[in-house]
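One structure is given here, and the rest of the page talks about it.
The values are calculated or read from the model by the stated rules, or taken from the named source; none is laboratory data. Here the structure is a predicted model, which is why all the values come from computation and not from measurement. Here Cβ is always computed from backbone atoms with ideal geometry, including for glycine, and neighbour counts include all displayed protein chains. Areas reflect the complete protein model, heavy atoms only, side chains present, ligands, DNA and RNA absent. Shrake-Rupley method; radii C 1.70, N 1.55, O 1.52, S 1.80 Å.
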Amino acid sequence: MNGNFDIESIDKPTNKDITIVFSPSNNVTSYTYQIYKDNVPIKTVDIYNSNAVNIVLNETGKYQIVVEANLNNGLTDTINSGEYIIDKEAPKINISNKNLKINPTNNKDLITCTANDNYSGTLNDKIIANIDELTLNKTGNYTYTCSVMDEAGNIATESANINVVPHNITIYIIQFICFIVIFLLIIRIVKMYKLVKLEERLDPYIIKPLKDDIVTTSEKLRRIYSSFLNLFTSKLKKSVIATKYAKKLEKYTSVSGIHKNGYDILSGKIIIACAFTVLAIIIKAFQFKLLGSLETLGVFILGFFVLDIYLFARYKVFRWTIENDFVAAITIMNNSFKSGRSITQAIEIVGSEVNGVIGNEFKRMNLELQYGLDIEDVFKRFAKRVELEEANYLTASLTILNKTGGDIIKVFSTIERSLFDKRKLRLELKSLTSGSRIIIYILLAIPFFFILVISLINPGYFLPFITTDIGRILLLFMIIYYIIFVVVVRKIMKVVI
């Protein structure tokens, strides 16, 4: 070697200045050294003799020195040093909440501390905090302190104020009311249970006319719920927005049962949302906490759409059943025509052979025919009630046959074949798109899966999304983005046959 460094390299970062002495050998006439900082040349110095030189490094960075030595035989030699890492930058500490106000609690995971270093990265496992020394189950002001030291010896310290205040008197009032209500409900349930048991014992001995006048417990609850529906409905009918929204819910009245119209469904949604909110307030009260405004809004919205999910699922099953039963009804009518029966007789046979909604509709059609309504009007009324495209097609075909004449058996055979082909096409389409739908469902579920896994590993990881203003804004944007994603995917995947 035609020269050497007194410090070839350092094993770990340091927060002190480094002075490196380069000593050339005797056969070096002159040399040039160049300093690289983070792989970028920052300084070049020419030395026109063979004297040793002191090289001072005093700023944060990763350094390397390259020496070009001119020898007395006319040749040149390159001498490279190792790496010198200077880290004078302290780690950055982030505390989830620097001004926390809580009620007395034994839970010390309410505040979290994380640390990151410019060289070492995450230093969470090296954090020293005084959380175990704080008695958060007693009122008072406490200072939460966490500190961390990086590999170079830089120390960072951050503090947060924890104010433990007595429980709000409102919480105790809510708890007391809840205890009273629960106690009364338990008494009422016990009485109702005894009453039901008494009804079961007396049932064999009750005379029929008297039995009809008895109001059962379930009927009492139903009447109470109906009275609430009527109360809300009378108010909602005065609102234009509620009227428009209620019209969209009208289609669910066929599967809703107790709800007679869209206003009743909307009233039921509001009642359920209020019940969810009250339940959340009770749960929070037993945790010695009050429900926040955003939490109240979230719980209310969740409760508001619970009935939609239930009715939507029932409506899907209801429509699928109607379509299947309608195909069966067409088949029975076609077979009736082949055996020489009339339209009225075919309708009567369908009403007696098919169960469910379609069977009831054909019974109603038979009754309307007996009262003298025209066959065209009967089928038009039927198509309007069931809201099936196939029913409109059947009504139009019968209207044309009634006015122009034709082979009814051939027409119904064509209708039956087209319905079977349409059903077969739907099943094939469902089979072909099953893989894509599974992928879509997985993509929709992945965010919730990762949230669950990360929350189990690090319970406080997502707390900034709830405890900070910027976190709440980001959370709102993420929810909006997710809803847009769901809507777009549904539009793409929807195929109308």
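Overview of values
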{"quantity": "Test: residue 145 is part of a loop (DSSP other than H, G, I, E, B) and either within 37 Å of the chain's Cα centre (by Cα) or of a type outside the set (A, V, I, L, M, F, W, C) (or both)", "calculated": "no"}
{"quantity": "Qualifying position, being closer than 14 Å to residue 327 by Cα and of a type outside the set (Phe, Trp, Tyr), among 350, 378, 411", "calculated": "350"}
{"quantity": "Strands (runs of 3 or more DSSP E) completely within the range 4-122 that count 3 or more residues being open to solvent by 50 Å² or more (accessible area, probe 1.4 Å)", "calculated": "28-37, 40-47, 61-71, 76-80"}
{"quantity": "Residue in the range 465-481 that is in a helix (DSSP H, G or I), hydroxyl-bearing (Ser, Thr, Tyr) and loosely packed, with under 11 Cβ neighbours inside 10 Å present", "calculated": "yes"}
{"quantity": "Residue identified as touching a Lys or Arg at 6+ places or on another chain (Cβ under 9 Å), farther than 23 Å from residue 255 by Cα and at pLDDT 85 or above among 332, 349, 409", "calculated": "349"}
{"quantity": "Candidates 364, 341, 385 - the one that is in a loop (DSSP other than H, G, I, E, B) and farther than 19 Å from residue 423 by Cβ", "calculated": "341"}
{"quantity": "The range 185-203, subset open to solvent by less than 100 Å² (accessible area, probe 1.4 Å) and farther than 17 Å from residue 219 by Cα, residue modelled with the highest pLDDT", "calculated": "187"}
{"quantity": "Filter pass, residue 486 being in contact with a Leu (Cβ under 7 Å, 6 or more places away or on another chain) and over 30 Å from residue 382 (Cα atoms)", "calculated": "yes"}
{"quantity": "Count of the range 426-445 residues which are at pLDDT below 80, in a helix (DSSP H, G or I) and either in contact with a helix residue (DSSP H, G or I) (Cβ under 8 Å, 6 or more places away or on another chain) or surrounded by 12 or more Cβ atoms within 10 Å (Cβ to Cβ) (or both)", "calculated": "4"}
{"quantity": "Where residue 390 falls short, out of the listed (1) open to solvent by 10 Å² or more (accessible area, probe 1.4 Å); (2) part of a helix (DSSP H, G or I); (3) modelled with pLDDT of 80 or more", "calculated": "(3)"}
{"quantity": "Failed criterion for residue 417 (all others in (1) part of a helix (DSSP H, G or I); (2) under 24 Å from residue 100 (Cα atoms) hold)", "calculated": "(2)"}
{"quantity": "Pairs where the first residue, in the range 408-430, is within 30 Å of residue 344 (Cα to Cα) and the second is β-branched (Val, Ile, Thr) and open to solvent by 40 Å² or more (accessible area, probe 1.4 Å), C-beta under 7 Å, 6+ apart", "calculated": "422/497"}
{"quantity": "Filter result (touching a Phe, Trp or Tyr at 6+ places or on another chain (Cβ under 7 Å) and either without any contact (Cβ under 8 Å) to a residue 60 or more places away in the chain or within 24 Å of residue 256 (Cβ to Cβ) (or both)) within the range 307-338", "calculated": "311, 315, 329"}
